[in-house]
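Asker: Below are the structure tokens for one structure; questions will follow.
The values are calculated or read from the model by the stated rules, or taken from the named source; none is laboratory data. Since we're looking at a predicted model, the values are computed, not measured. Counting neighbours? That spans all protein chains shown, and the Cβs are built from the backbone with ideal geometry, glycine included.
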Amino acid sequence: MQVFTDTLKKLTDLRWLNLFEIEFQHEKGGRSQWEFVSRKPHPSPGPAPIEPDAVFIVPILKTPQGSRLAAVREFRVPLGDYEISFPAGLKEPGETVETTARRELAEETGLMLTRVLAVSPPVVSTAGLSDESAVIAFVECTGEPAPAGADHSEEIEVLVLEYEAMLALRRSSAKFSAKAWCLLLMFEALGEIALPEQLRRP
């Protein structure tokens, strides 16, 4: 497979997200066109390392009763419904993952980041539609949930979950983000709200 970056065409001119068209050659030698969306003004598909667009935050809230998971229930316009997920936000140019995570966690949940436990490499979730990528940051935090700083266009409810409540939610008929559902399944398999030792920073 080969993508011809010199054929890239921007089909829309919007503020946050745009539609692009590009030509590629498949294994049998024919050339075809592919449409995709990107947050980047000048996407450059290719084998170069991915620069993440966003940080997806998995907050483990430390309380006197033990560790709790701070998930969010957020209204998503394309769904016309609520989605169960975790706090997340766009990473500013030159910004560290910790800085983004600290800001977005406070804005969406009112919680204060105290420690970064682990950070994934950049991962993608809808590569057939978009080049968007994010890192997953597992963090510890403290405080009382209060998403007072959430953007006016965001409707967010913070869900503070102990282990049994997390199990019930994961097994419910709610709509989940793909990353969140897999992470809830991980905690379920571990039998606790904690990060596997092999993922922890030294």
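Asker: I'd like to check something: does region 53-64 contain any residue that is touching a Cys at 6+ places or on another chain (Cβ under 6 Å), of a type outside the set (A, V, I, L, M) and within 30 Å of Glu192 (Cα to Cα)? Before the answer, list the steps.
Answerer: Of all residues in region 53-64, those touching a Cys at 6+ places or on another chain (Cβ under 6 Å) come to 59, 61.
Subset that is of a type outside the set (A, V, I, L, M): 59.
Next, from what is left, pick out any that are within 30 Å of Glu192 (Cα to Cα): 59.
Yes: one or more hits.
Asker: For region 167-177, check the following and say yes or no: at least one residue is outside any strand (DSSP E or B), surrounded by fewer than 14 Cβ atoms within 10 Å (Cβ to Cβ), out of contact with any Pro (no Cβ under 9 Å at 6 or more places or on another chain) and at pLDDT below 95.
Answerer: No.
Asker: Can you find a residue in region 79-92 that is modelled with pLDDT of 95 or more, under 18 Å from the mean Cα position of the chain (by Cα) and among the aromatic types (Phe, Trp, Tyr)?
Answerer: The answer is yes, given that some residue of region 79-92 is modelled with pLDDT of 95 or more, under 18 Å from the mean Cα position of the chain (by Cα) and among the aromatic types (Phe, Trp, Tyr).
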